[in-house]
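Working notes for the structure below.
The values are calculated or read from the model by the stated rules, or taken from the named source; none is laboratory data. Every value quoted in this text rests on a predicted model; they were computed, and no experiment measured them. Glycine gets a Cβ as well: all are built from the backbone with ideal geometry, and neighbour counts include every protein chain shown. We work out accessible area using only protein heavy atoms, side chains counted, and drop any ligands, DNA or RNA first. Shrake-Rupley method; radii C 1.70, N 1.55, O 1.52, S 1.80 Å.
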Amino acid sequence: VYKRQTQKMTLKKNHNKLVHERFLEIASEFSARPALRFAHDGAWQDWTYASLASRVLTIREFLDNENVRPGDAVGLVSCRYPDTIAAMIAILSSGAHYVPLDPHYPASRLDFLISDAGIRVVLAAPDEALDLSNMPMAVRLPADYMPIAVDDASALGGVDVSPDDPAYVMFTSGSTGTPKGVLVPHRGLYRHAVDVHCWPLGPESVFLQLAPMTFDASNTGIWSPLLNGGICVLFPEERHPTRSELASVVNETGVNYIFLTTQLFNNVFASDEGLPATVKYVMTGGEAASVSAFRRGLSAMPNTVFLNGYGPTENTSMTTCYEFPNDFPEDATKLPIGTAVTGSEVLVVDQDLNPVPDGIDGELIALGEGVAIGYLNRPDLTEKSFVSLKMPDGTLQR
């Protein structure tokens, strides 16, 4: 239940590019700059945009040989490896969509997800240390690379894909029943990472990718830098970070943008120490955030912008965003969720989907380019949750 604060409709609809096409443009412009930063053999290493594009082409050729076609679902073992990121882009360029799969899930759950999504092939990084015992159908990617001129967009083209076609399927936790697969289109993922008003994105952005890749918060750490010429820093796999470990990684890699899940955010800012001052933006989301944690964070890092993000998987990770101000009321116990991000709009409505007056409780609905295609294989739930509203100008908005 939410209270209506504003109903101004400022929806901007211009995200008509495909995610992999945007990546190619960025890779061409920033070919020599670092794209991925990751730990290997005890040291941090970089892949430039040219190197990442070369790896993408190698995997794309592998997918072509596996007869992956537009519309196919491709399973992806969701570990924070450079090859995982390259595989995401390659899958999109083939016209297929990726489905992140956690190799630590029980085999029975993985079997269900693979069956429900209609996955025919599951890709895994070539690292032999990656345990695939619960995923016998997984295929390790080839370890070699194929040279590519990153300004040649045709190298990753040749398929018929539209911005309304799926980019990925993300499954809900299933804590209240059977897990539901949410089909998210290119337009939603593009809108999440490009021209976002809540923080500036560009080549100077160095993002820490820390969220599990089966959680849609990972979109922020991956696509926000890679679709804007920045650097995606992959936090070492199999580590549950403490504040001091996060601080060490920030100092070693130059991270200046961080998204932390709510629980981790509250843990990191449980004391007055904070993170290195080089971090310019800290965002959290996923659950109701702790006001006291925000206060401690801003006190420890007065030159850092703290953001409270809100959004369900069904609206591509983020719907609204709130910047924590210095003059936040001392007696406040809850944080606002802010205003709608670019490409989205929110309304508070009654049970008949009519906007409610100011100060009246209602249900929050999101409209715009971030709205998912629907629930995978759940037409009844899709019809219930994904509706079209008649706007003041007479048009229908989903």
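Here are the numbers for the structure shown:
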{"item": "Long-range HN-HN contacts of residue 305 with modeled amide H, under 5 Å", "result": "281, 282"}
{"item": "Accessible carbon and sulfur surface of the chain relative to its total accessible area, %, 1.4 Å", "result": "49 percent"}
{"item": "The range 27-70, dipole about Cα centre (Lys/Arg Cβ +1, Asp/Glu Cβ -1), debye to the nearest 20", "result": "100 debye"}
{"item": "Relative contact order of the chain, defined on C-alpha pairs under 8 angstrom at six or more residues apart (%)", "result": "18 percent"}
{"item": "Net dipole in debye of the range 201-267 [+1 Lys, Arg Cβ; -1 Asp, Glu Cβ; about Cα centre; nearest 20]", "result": "120 debye"}
{"item": "Spatial separation of Cα centroids for the range 261-280 and the range 204-220, in angstrom", "result": "16 Å"}
{"item": "Cα gyration tensor, the chain - rounded (a/c under 1.5), prolate or oblate", "result": "oblate"}
{"item": "Cut-off under 5 Å, modelled amide H: who pairs with residue 170 long-range", "result": "182, 184"}
{"item": "Dipole moment magnitude, nearest 20 debye, the chain about Cα centre, only Lys, Arg, Asp, Glu C-beta charged", "result": "480 debye"}
{"item": "In the range 317-370, GluC sites (Glu not before Pro) in a DSSP loop with at most 13 other beta-carbon atoms within 10 Å", "result": "330"}
{"item": "Filtered GluC sites (Glu not before Pro), the range 202-248: DSSP coil and at most 10 other beta carbons within 10 Å", "result": "238"}
{"item": "Relative contact order computed over the range 78-134 (Cα-Cα under 8 Å; 6+ residues apart), in percent", "result": "42 percent"}
{"item": "Histogram of C-alpha separations across the range 232-285, 5 Å bin width, %", "result": "4, 19, 32, 32, 11, 1"}
{"item": "Within-12-Å neighbourhood charge of residue 300 [Cβ basis; K, R +1; D, E -1]", "result": "+1"}
{"item": "Convex hull of Cα atoms in the range 189-263, direction-averaged projection (nm²)", "result": "5.0 nm²"}
{"item": "Contact order relative to length of the range 17-106, as percent, for alpha carbon pairs under 8 angstrom and 6 or more apart", "result": "27 percent"}
{"item": "Extreme residue, positive dipole direction of the chain, given options 198, 58, 92 (C-beta unit charges)", "result": "198"}
